[in-house]
Each structure stands twice: as C-alpha cells, then as structure tokens.
Amino acid sequence: MNPTRRKLLSLTPAVLALSLLFAFAGHAGAASEQARPIPPGGLRVLFLGNSLTQANDLPLMVQALAKSAGQDLEVETIAFPNANLEDLWFEGSALAAIDQGNWDFVVMQQGPSSLPESRVHLRKWVGKFAKRIRAAGARPAVYMVWPSIDRIAFFDAVSEAYTLAATDVRGLLIPGGEVWRAAWRRNPDLELYGPDGFHPTIEGTYAVALSMYGMFYLRSTKGLPARLELDNGEVIHVRRPVARLLQDAADEANRTFGRP
C-alpha cells in the first residue's frame, strides 16, 4: 500500500461530523434526490478556475458523460494556470461571461485553500462571485479539489474549506477530492495524482467528471462509459474495472458530501 495514502482510508472525525451536519440539515445525499429537471435545450455550465479545471479537458469530459446519457450539456471555460478566484475577478473575462447570462451553473475552483488565511480568501471570493452569479440568473457551484501529495495530511482542511464556501452561498458542492478518497478506500494503489504530485491523471479527472455529472443531474454515475469522445477530438479511455470503481466512489462521495 502506498504509505502516503494509508491515512486517507477512513473518514476522519472532523470531516465526517461536518458531512453529517449537512446531511441532517437536508443538504447532502445527492444520490437520494430525484433527478434534476432539465430545461429545454439542456444545461449550460460555465467553469472558472485554474489548471485543475483545465487538466485533461475536465469540462469536455463532463460534457461527454452527459452526452452518453442522452443529455445536452453546453460548457465554457475561463481558467488560467495558478489563478485564484480573486485573480479571475480582476482579470475581467469571468465577470463578462457571467453577465452574459443564460447559465444554469457557474463552477468555481481555486487551489487547495487548506491554510486558515487561504480558507478565508476562498470563502470571501466565492461569496463575491456568488452574488454576481445569482444576479445573472445562475446557481453558484464549488468544485472541491485536493492538496498536493507532499501535503496530503491537509486533505481534511481542503474538504472543510470548500464545504464551508459552498454552504455560505447555498451553492452546489462538487466533492472532487472526496471522490479520490472514496476511490482509495477501494483501491489504495490507484494513481490519481499525476507525475508532479498535484495535477490529476486521466483517472483522477474522470473521477471528478463523474462527480460533476452526478451533481449537475442528481443521478447515479453507474453504467456511464469508460471510453469518451470529446468535442475537441480527443478520446479518453479508462479501464472498465477502474471506471466502475470510480463510479461507485463518485456516488458515495456525492451522497455523503455533495450539496445539491
């Protein structure tokens, strides 16, 4: 077993208590919800983030999963390497895209935000963006990421920071990092970190894409394809046993941590 992951194989008391708090408040349990009504023409989702959103064409992977299930999903991405939400606010193109309107969800993502000051920063800028997003008629969504492998002990802090940020704004919470942990509880040797110890492998991105599909549509991910043809011509292939494992992990994380 990879020793860096040994400590991730069970929910820690702090994170489990946080997830149960939201579950009893009626915020978690996405897999138990009815499927979300889909507007005519399908969903439109704007992604705001950095290279963790850009990696392996995550938005296009989610789009391909939706297409495989017979759903139309239009995506647009505004992301820059190393950007945080404050950077995106002042760069301007994110706000311009939000203000164009007609989005169903606007997904926000920045770095791990595990340190106390980083958590404050995340919650502040999620809050600022959320007001602009709601004014444009969309719902804010927050994409929970993960720490770098050399800071793997901070997984709980990342999870808590993103959960609080989503709760602040009554937004959709996509528990990407918790999908990874649920996957490692099933197979601790899964390679979800890429060579740099931070950005995801194809399997790591596929795991997040499954979570996003499940949260956008409030549906189980079981049975979704392991091979995806993206709109940019790329073909993504995950081994079928790994895909099934990641689907189970995504459903578990969405059910336990996701905020519909």
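For Phe47, the amide hydrogen comes within under 5 Å of the amide hydrogens of Glu76, Thr77, Ile78, Val107, counting only partners 5 or more places away or on other chains and with H modelled in the peptide plane. Among complete DSSP H helices in the chain, those whose alpha-carbon atoms stretch at least 18 Å along the helix's long axis and whose mean Kyte-Doolittle hydropathy reaches 0.5 are 202-217.
Overall form of the chain: rounded. Here a/c, set by the Cα gyration tensor axes a ≥ b ≥ c, is under 1.5.
Explain nothing, just the number: relative contact order of segment 40-256, from Cα pairs under 8 Å at least 6 residues apart, as a whole percent. That works out to 20 percent.
Annotation: amide H of Gly171 has no partner in the under-5 Å range at sequence separation 5 or more or interchain, hydrogens built in the peptide plane.
Its Cα centre serving as origin, the chain has a Cβ charge dipole (Lys and Arg +1, Asp and Glu -1) of approximately 780 debye.
Each part reduced to its alpha carbon centroid, segment 177-248 and segment 29-98 end up 16 Å apart.
Take every DSSP beta bridge whose two residues both sit in the chain; close to 20 percent of them are antiparallel.
Under 19 Å of direct C-alpha separation, and excluding same-chain neighbours fewer than eight residues apart, Lys124 reaches these aspartates and glutamates: Glu86, Asp87, Glu91, Glu160, Asp168. As a calculated quantity, the FRET efficiency between Glu234 and Ser93 at R0 = 30 Å, using C-beta atoms, amounts to about 0.80. On full extension, the segment bounded by Asp72 and Glu191 gains 39.8 nm, given 0.36 nm per residue less the C-alpha separation. Taking the number of Cβ atoms within 10 Å of each Cβ as an exposure proxy, the fewest-first ranking of Leu190, Leu210 is Leu190, Leu210.
All of the numbers you see were taken from the coordinates with simple rules; none came from a lab. Computed from a prediction, not measured in an experiment: that's the story for all the values here. Methodologically, a virtual Cβ is constructed for each residue, glycine included, from the backbone with ideal geometry; neighbour enumeration extends over all protein chains shown.
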